[in-house]
Amino acid sequence: MEKTVQLYEGKAKKVFATSDESLAIVSYKDDATAFNGEKKGTILGKGVINNRLTNRLMKLLAENGIPTHFVEEVSERETLVKKVSIVPLEVIIRNISAGSFAKRYGVEEGIVFKAPTIEFSYKDDALGDPLINDFHALALGLATQSDIDTIRTYAFKINDILKAFMLEHGIELVDFKLEFGKLPDGTIVLADEISPDTCRFWDVTTHEKLDKDRFRRDLGGVEDAYNEVMRRLLGDTN
Ligand code: TMP
Ligand code: ASP
C-alpha cells in the first residue's frame, strides 16, 4: 500500500491517505515537543523506536481482546492503520503519582496508588488540552455515554495488560495517555501511539526515568533512554 496525499501533520507524526479509502499510513517523526509545543527539539531515532514499540504493544493488546487501528508495519517509521475519526479526549491512566498529578495536588512523585486512576483531557491545543469530565464531554458532544463507558473499560484493561508486560521487562508503568478512534460503523478502537513519548516508564529497581520526561526536564540521556526501552521490550536496538 502506497501513501498518497498528506492528510494531517501533528507534533510527532504525519498521516497520509492511501489508495484504500479505509486505510491511512502514519509516519513517525524525530521531532519532540513539550508543554503544548512551547519546547521543541529532536530526539534522534525516536520515530523508528516509537513506531516499532507502538506496533509491538498494539499487537499485544489485540491478542488480549482490545480492538486497535493497527494493520501492518510498512517500514521502520511507517505503519498502515485503519482510518478513524479520533475521539477528542486524551485518556490518562496513572498507577503512581508523577507529572501534573503531583503538581496539581501538591504531592511528591512516586506514591504507588492502591488502585489506578483515570482522567480525560479535551484534546484541543489552542485551549492547552484542559481537564474535562464525562458530563462536560457529553455536553460538548465530544462522545456519547456509551463511547465513554467503552473507552474507560478498555483503558483499565490496557493498563492491566501493559503493566504486567512492562514489569516482565524491568519497567514500572507509572502513567500513560491513550487516544481512541471511531471506525465508520461506530466501533471504538485504540489509536495513536504507545511509546516513551506518551508513557512514563521507570526502571523497576533504580526508578531511573526511561521516557520523555528526560527531554521535558532536560535530564540528558534522552536517546539512550528510548534505546533502552526498545532493547528491553523488543530485545534489540535496531
Ligand atoms: P501529565 O502528568 O503531564 O498529565 O502526563 C500524564 C501522562 O500523559 C504521561 O505519561 C505523559 C502523557 N502525556 C502525553 O502523552 N501527551 C501530553 O500532551 C501530555 C501533557 C502528557
Ligand atoms: N506532546 C505535548 C506537547 O507538545 C506535551 C508533552 O508530551 O509533554 O506539547
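We did not get these values from a lab; they are worked out from the coordinates using the rules stated. Given the structure is predicted, the values throughout are model-derived calculations rather than measurements. Every residue, glycine among them, receives a Cβ derived from its backbone with ideal geometry; neighbour counts consider all protein chains shown.
Quick notes on this one:
- Among HIS69, HIS136, the order by Cβ neighbours within 10 angstrom, fewest to most, reads HIS136, HIS69.
- Volume in Å³ per residue [convex hull over Cα atoms, computed for segment 102-222]: 146
- For segment 101-172, the direction-averaged projected area of the alpha-carbon convex hull comes to 6.4 nm².
- Taking the Kirkwood radius as Rh and the Cα radius of gyration as Rg, the chain has a ratio of Rg/Rh equal to 0.94.
- Working from label points 7 Å from Cα in the Cα-to-Cβ sense, the SER85 to HIS169 distance is 3.5 nm.
- Ordering LEU219, LEU234, LEU142 from the fewest to the most neighbouring beta carbons within 10 Å gives LEU219, LEU234, LEU142.
- Calculated FRET efficiency for the pair MET1/ARG104, C-beta based, R₀ 45 Å, to 0.05: 0.55
- Each principal axis of the Cα atoms in segment 1-93 has its own extent, and those three values, largest first, are 35, 33, 26 angstrom.
- Helices in the chain, meaning DSSP H runs of at least 4 residues, each add -39500 (n - 2.57). Divided by all residues, the mean residue ellipticity at 222 nm is -9500 deg cm²/dmol.
- Note on SER146/VAL112: beta-carbon distance plugged into 1/(1 + (r/R0)^6) with R0 of 35 Å gives a FRET efficiency of 0.60.
- Pairs of Cα atoms nearer than 8 Å and 6+ residues apart set the relative contact order; for the chain it is 17 percent.
- Centre separation in Å (Cα based) which lies between segment 113-141 and segment 73-111: 12
- Ratio Rg/Rh [Cα only; Rh per Kirkwood] for segment 18-146: 0.99
- Segment GLU9-THR42, extension gain: residue separation times 0.36 nm, minus the distance between their alpha carbons: 10.3 nm
- Residues in segment 213-233 reached by a label modelled at ASP31 [backbone nitrogen below 20 Å; 7 Å Cα→Cβ]: 213, 215-217, 223
- Pairs beyond 22 Å (Cα-Cα), from LYS29/LYS82; LYS14/LYS157; LYS59/LYS182; LYS13/LYS39; LYS13/LYS182; LYS182/LYS212: LYS14/LYS157; LYS182/LYS212
- Measuring how big segment 167-236 is from its alpha-carbon positions, Rg and Dmax come out at 14.3, 46 Å.
- Cβ crowding within 10 Å, taken as a proxy for footprinting-reagent exposure, orders LEU23, LEU190 from fewest neighbours to most as LEU23, LEU190.
- For the pair LYS59 and SER22, a Förster radius of 25 Å applied to the C-beta separation gives a FRET efficiency near 0.80, rounded to the nearest 0.05.
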